[in-house]
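Take a look at the structure set out below.
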Amino acid sequence: MSARTASPFGKRGGAVLALAGIVLFVFTLWAAGNQMDQPQQGGAPALRTGGRGFDGYAAFAQFLGKRGYTVDPLQSEAMAGQPGLLVLTPPHDANLQQMERVIALHRANGPVMVILPKWKSSGVVQRVPDGKYKGTVVEQLDAAVPRWLGWHDELAIDLYPLASKSSKGRWAGLGAAGNLPGIEAVQSAQGDGLVPLVTDTETDRVLAGYLDDGDYPALRDAADYDEPESKPYQRTNRFPLVLVFEPDLLNNWGFAKIESGRLAENMVRLTAGRGERRIIMDQMIEGAVAQPPRKGPSLIKQAFTPPFLAATICLILTALVLFWRALHRFGPPLLAARSIAFGKRALIANAAGLIQRARRLHLLGAPYADAARERLARKLALPARLDPAGTETAIDRALLVRAPGSEPFSIIAARLRAARRPADLVSAARQLHALERTLMR
């Protein structure tokens, strides 16, 4: 009979484990549902969500990568202390204190380019007429000037429509010229200490420029820019700060034209300085006011709503059946029997099975014959000084006296030693066993 062992859990312990499993399952559904709620991003960051919209800068980043620059994302303020050109694309509601810290930290190690926001956009769900989900698109809301009180108040930023559509939003600067993609709202700036880099050819308004707060020979000679060859910076106390007031010069909408690519490369070369091939793109500056999360359907509510309700009911019934079966089992579990039993019979059977599987039966003849010879020598009290041949001869003489006409022991033993087939081995072994019984009576 198999032995029994005590159950590791009682009824109370099993109930506690089942209840804990149910609580953890509900908590998992709740946690997974919260992770599915994605925050709604505002603005037009370079590499964040929305960067591929018309007001994003994914095309700008990819273009720089194709031109041999190394484009890294800015993911922490600590990265602002690394060398290279830092490109910031803050939203309208940017955290000005954070942005100012990042700019001040990086200008001690490299130049900074800030592309000011103009377009306000949001993600909306677009559906086809039959009601099926088609996807998320970016809807243009309006153009607005960023109201950043306390951040370079000496600059006056304005938003104006072009006086005539015949100008087509013509801009020029840094050895390039082209047309803006939209002329209904053009963003520019003016103020003391602002040196123009790109201007509106009709109104001479500054669309992009830099602050004249240091010695920047490459940017100073930008008015006579002809070839894309930058000059090294004369290191003063900080590197230049370039401001792009009209984002349509460098965003995805403006990058549909080849002139924007030429302007972007020339501006990056002049701003970064000679030999600098690293660009750090903004992926950190968030809005000062967090956008409310876009709540998705709760997983717990979905679990009890068709068509998932049927699967939830089946899961609950299965859990109840397993719990009932665990509480009403017939005693503790049985111990498994040993794979190898104790005793001489089991040991002999295992050894025989091993020899048979190894196909070494032909090696058993000689040891069996030698063992029979030694047993008969002890039984007949033969002298120990005899060699094996002499012992077998003495056994043959004793057999001739006790059983005249029997086949001699030496002949049967020789036949057993020479046998190779299993049938020959068994036959010779039986004859040798019968001879032993005859001599030992």
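The values are calculated or read from the model by the stated rules, or taken from the named source; none is laboratory data. Not measured: the values here are computed from a predicted model. Here the Cβ is made from the backbone with ideal geometry for all residues, glycine too, and neighbour counts use every protein chain on show.
Could you list, in sequence order, all residues of segment 183-196 that are over 16 Å from LEU155 (Cβ atoms) and surrounded by fewer than 17 Cβ atoms within 10 Å (Cβ to Cβ)?
Result: GLU184, single match.
Would you check if LEU400 is touching a residue at least 40 places away in the same chain (Cβ under 8 Å) and hydrophobic (A, V, I, L, M, F, W, C)?
no
Name every residue in segment 63-78 that is in a helix (DSSP H, G or I) and touching a residue at least 12 places away in the same chain (Cβ under 8 Å), in order of residue number.
Within segment 63-78, PHE63, LEU64, GLU77 meet the criteria.
Of all residues in segment 376-420, count the ones that are out of contact with any helix residue (DSSP H, G or I) (no Cβ under 6 Å at 6 or more places or on another chain) and of a type in the set (Ser, Thr, Tyr).
The total comes to 1.
Can you name every one of the strands (runs of 3 or more DSSP E) wholly within segment 108-218 that holds 3 or more residues which are at pLDDT 85 or above, in the same structural domain as PRO91 (by TED's automatic domain parsing) and within 19 Å of VAL244 (Cβ to Cβ)?
Of the strands (runs of 3 or more DSSP E) lying wholly inside segment 108-218, those with at least 3 residues that are at pLDDT 85 or above, in the same structural domain as PRO91 (by TED's automatic domain parsing) and within 19 Å of VAL244 (Cβ to Cβ) span 112-115, 155-160, 170-173, 176-179, 186-191, 194-200, 206-211.
Restricting attention to segment 267-276, does a residue exist that is outside any helix (DSSP H, G or I), surrounded by 15 or more Cβ atoms within 10 Å (Cβ to Cβ) and at pLDDT 75 or above?
yes
Please count how many residues of segment 74-95 are farther than 22 Å from GLY275 by Cβ, at pLDDT 85 or above and not β-branched (Val, Ile, Thr).
7
Does ILE279 meet the test of being part of a strand (DSSP E or B) and within 20 Å of ASP55 (Cβ to Cβ)?
Yes.
Across segment 299-324, which residue is nearest to the chain's Cα centre (by Cα) among those that are of a type in the set (Phe, Trp, Tyr) and in a helix (DSSP H, G or I)?
Among those residues, the one meeting the criterion is PHE308.
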